[in-house]
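Below you will find the structure I want to go over with you.
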Amino acid sequence: MAPLGDAVAPAAAAAAPGLVVSFGEMLIDFVPDVAGVSLAESGGFVKAPGGAPANVACAISKLGGSSAFIGKFGDDEFGHMLVEILKQNGVNAEGCLFDQHARTALAFVTLKSNGEREFMFYRNPSADMLLTEAELNLDLIRRARIFHYGSISLITEPCRSAHVAAMRAAKSAGILCSYDPNVRLPLWPSAQAARDGIMSIWKEADFIKVSDEEVAFLTQGDATDEKNVLSLWFEGLKLLIVTDGEKGCRYFTKDFKGSVPGYSVNTVDTTGAGDAFVGSLLVSVSKDDSIFYNEAKLREVLQFSNACGAICTTKKGAIPALPTTATALELISKGSN
């Protein structure tokens with residue numbers, strides 16, 4: 001690893017990136033203009049583009065990777081605005097569709113004083129839930145190096161069937177599958193339905209990123225206990241990452257495991273931090289998937305991803321706060337926690 005005073009981008013940065021296709025939801029987040037108040041008490045809201053798979057796509061492009069997004073939007077001002085934001089951020093939008101009969105999803109986000117969030121969603125049903133298998137751009141998926149997805153697209157039909165068909169098409173074409181479940185309990189019928197739905201496709205993934213809170217939720221145990229984390233491991237998985245907030249992350253492969261410290265920053269809004277982390281990781285994997293087997297390379301990549309996640313928490317909103325390679329390297333040069 002490079003000395004902290006002489007930060008360099010991960011070695012994989014030299015190679016040409018492969019295409020990463022993100023599948024799922026993009027929506028408008030309404031973020032209070034003041035932290036630490038309830039939605040009812042908030043005097044005003046800042047409109048911000050959101051939705052984890054879309055955030056990841058934008059993060060990839062901002063870091064010099066190649067990304068595309070597949071999803072459905074309302075044929076309304078918000079929907080057209082969001083697709084325009086994808087394009088402005090260098091994301092291939094040929095997999096984006098508009099629905100004349102459903103609205104673009106909205107979420108009101110409560111920002112607690114420590115930058116953590118609570119969500120209230122308006123999507124009954126929103127356009128992203130209505131994507132059908134027949135509408136999938138399979139050609140775009142088959143051109144990918146990596147197919148990335150979450151779990152919100154598994155909640156209701158017809159989007160669930162479209163998600164499963166897209167994932168199967170990717171797998172049959174030999175494309176790496178990346179899964180970040182992004183648990184959003186208010187959207188599921190129950191906690192158990194969320195667990196069952198998230199785990200229903202668990203073993204299709206090549207690599208998975210979960211937060212410590214998601215480990216606790218999925219295993220119903222202590223996320224710091226490695227035994228609980230390893231209950232999520234399965235034969236064939238290449239990499240399991242657990243993010244631990246500002247403490248950094250833990251990594252598990254068939255041959256090695258460890259942790260990489262995070263970065264202390266002035267946290268304003270944690271929205272999109274995990275997506276910045278994932279986007280950074282996917283850029284590196286799309287250039288060089290030997291990181292699954294080379295611990296020194298993986299640690300270097302995760303150091304960079306930790307810096308990307310940390311930077312994203314220093315501004316409101318996800319996409320506007322996404323880091324560049326230069327800002328991530330600057331933070332790394334200052335040193336970890």
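The values are calculated or read from the model by the stated rules, or taken from the named source; none is laboratory data. Everything numeric in this text was worked out from a predicted model, so none of it was measured. Ideal geometry is used to build each Cβ from the backbone, glycine not excepted, and the neighbour counts take in all protein chains shown. These area figures cover heavy atoms from the full protein model, side chains too; ligands, DNA and RNA do not enter into them. Shrake-Rupley method; radii C 1.70, N 1.55, O 1.52, S 1.80 Å.
At a 10 angstrom cut-off on C-beta neighbours, averaged per residue, how do the peptides 310-317, 247-254, 17-24 rank from highest to lowest? The partial results should precede the final answer.
Values: 310-317: 21.9, 247-254: 19.6, 17-24: 26.2.
Those peptides, ordered most packed to least, come out 17-24, 310-317, 247-254.
Using the Cβ atoms and a cut-off under 13 Å, what net charge is assigned to the surroundings of residue 210, where Lys and Arg are +1 and Asp and Glu are -1? Intermediate results must be reported in sequence, preceding the final value.
Values: positive: 195, 209, 250; negative: 180, 212, 213, 214, 244.
Result for the neighbourhood of residue 210: -2.
How long is the gain from residue 235 to residue 255 if the chain were fully straight, where each residue apart is worth 0.36 nm and the alpha carbon distance is subtracted?
Net length gain for the segment: 6.0 nm.
May I ask for the net charge around residue 181, where only other residues with Cβ less than 9 Å from the Cβ of residue 181 are counted and Lys, Arg are +1 while Asp, Glu are -1? Mind showing how you got there, number by number?
Numbers: positive: 209; negative: 180, 214.
Neighbour charge sum, excluding residue 181 itself: -1.
Based on the alpha-carbon set only, what is the convex hull volume of the range 81-186 divided per residue, in Å³?
On the way: hull volume 14.1 nm³, N = 106.
Once divided by residue count, the hull of the range 81-186 is 133 Å³.
Lysine pairs, Cα distance under 21 Å, 8 or more residues apart or cross-chain: how many in the range 20-132? Don't jump to the answer; show the numbers that get you there.
On the way: 47/62; 47/72; 47/87; 47/112; 62/87; 72/87.
The result is 6.
Among the listed pairs 203/316; 257/315; 238/316; 171/315; 209/287, give every one whose C-alpha distance is greater than 27 Å. Don't jump to the answer; show the numbers that get you there.
Details: 203/316 34 Å; 257/315 32 Å; 238/316 33 Å; 171/315 36 Å; 209/287 19 Å.
Pairs exceeding 27 Å: 203/316; 257/315; 238/316; 171/315.
Quickly rank 230-241, 197-208 as a protection proxy: mean count of other C-beta atoms within 10 Å, highest first. List each step's numbers first, then the result.
Values: 230-241: 15.4, 197-208: 18.2.
Ranked by mean Cβ neighbours within 10 Å, highest first: 197-208, 230-241.
Residue 98's amide H: which non-local residues (gap 5+, or another chain) put their own amide H closer than 5 Å, with H modeled 1.01 Å from N in plane and none for Pro or chain starts?
73
With r as the distance between the Cβ atoms of residue 161 and residue 190 and R0 = 25 Å, compute the FRET efficiency 1/(1 + (r/R0)^6) and round to 0.05.
0.75
May I ask you to order 178-184, 65-71 by the average number of other C-beta atoms within 10 Å around their residues, highest value first? Let's see the in-between values first.
Values: 178-184: 23.6, 65-71: 26.7.
The packing order, highest mean first, is 65-71, 178-184.
Search the structure for amide H atoms under 5 Å from the amide H of residue 232, placed 1.01 Å from N in the peptide plane, and list their residues when 5 or more places away or on another chain.
none
Share of the chain's accessible area from carbon and sulfur, percent, 1.4 Å? Display every interim value, and only then the final one.
Working: 6760 of 13370 Å².
Carbon and sulfur together cover 51 percent of it.
Right, another one. Which one of 163, 201, 173 has its Cα pushed farthest toward the positive end of the charge dipole of the range 112-212, where Lys and Arg give +1 and Asp and Glu give -1 at the Cβ?
So the residue furthest toward the plus end is 173.
Moving to a separate point now. Accessible area per residue, 1.4 Å probe, Å², for the chain: what's the number?
Numbers: 13370 Å² over 337 residues.
Computed with neighbouring chains in place, this is 40 Å² per residue.
In a GNM of the chain with a 10 Å cut-off on Cα contacts, which of 278, 265, 56 has the highest mean-square fluctuation?
Greatest mean-square fluctuation among the candidates belongs to 265.
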